[in-house]
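Some notes on the structure that comes next.
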Amino acid sequence: PLVTANDWGRMGVLSVADTLAPGLTVSKSERVLVVGTSEFVWRPFLLAERLERAGSDVHFSSTSRSPIALGHAIDHALSFADNYGLGIPNFLYNVRPGQFDRVLICTETPKQAVPAELIEALNAEVICDE
């Protein structure tokens, strides 16, 4: 749940350094998807850049609260509960289960707040901002 005191940019950002999962390693042959959750995208993006510099084929996406109809550029959609406890449906577009070797869902909420159906559908790892 959100707390009024830190409800700025969702949960608030105290620094812009690349501090997410500093010990995470990838192989050069891996196709990796880094997923930010809602507005929590800056540190996941920095992580994606770091993994790409390490030689992996890295893609980046984010969950959204915005429903978009399938068609034209949108060919796949996953729907799941939000990880902030607000009861708002969230979506992830153009990411199919099995499309990537490794999926990293990055969140500023505790791991248990990320919907299990999303983790299972993508066989994802959850990385929490600490």
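List of remarks:
- Residues of segment 30-62 satisfying the condition of being in contact (Cβ under 8 Å) with a residue 40 or more places away in the chain, small (Gly, Ala, Ser) and part of a loop (DSSP other than H, G, I, E, B): Ser38
- If the condition is being at positive phi and surrounded by 16 or more Cβ atoms within 10 Å (Cβ to Cβ), then segment 37-62 contributes only Ser38.
- Evaluation of Glu39 against the conditions (1) out of contact with any helix residue (DSSP H, G or I) (no Cβ under 9 Å at 6 or more places or on another chain); (2) modelled with pLDDT under 95; (3) over 21 Å from Leu122 (Cα atoms) shows that the sole unmet condition is (3).
- Where Ala124 falls short, out of the listed (1) more than 14 Å from the chain's Cα centre (by Cα); (2) touching a residue at least 24 places away in the same chain (Cβ under 8 Å): (1)
- Scanning segment 63-110 for residues that are of a type in the set (Gly, Ala, Ser) and either within 15 Å of the chain's Cα centre (by Cα) or buried (at least 18 other Cβ atoms within 10 Å of the Cβ) (or both) turns up Ser64, Ala77, Ser79, Ala81.
The values are calculated or read from the model by the stated rules, or taken from the named source; none is laboratory data. Bear in mind that the values here come from a model prediction, so they are computed numbers and not experimental data. When we count neighbours, we look across all protein chains shown, and the Cβ atoms used for this are built from the backbone with ideal geometry, even at glycine.
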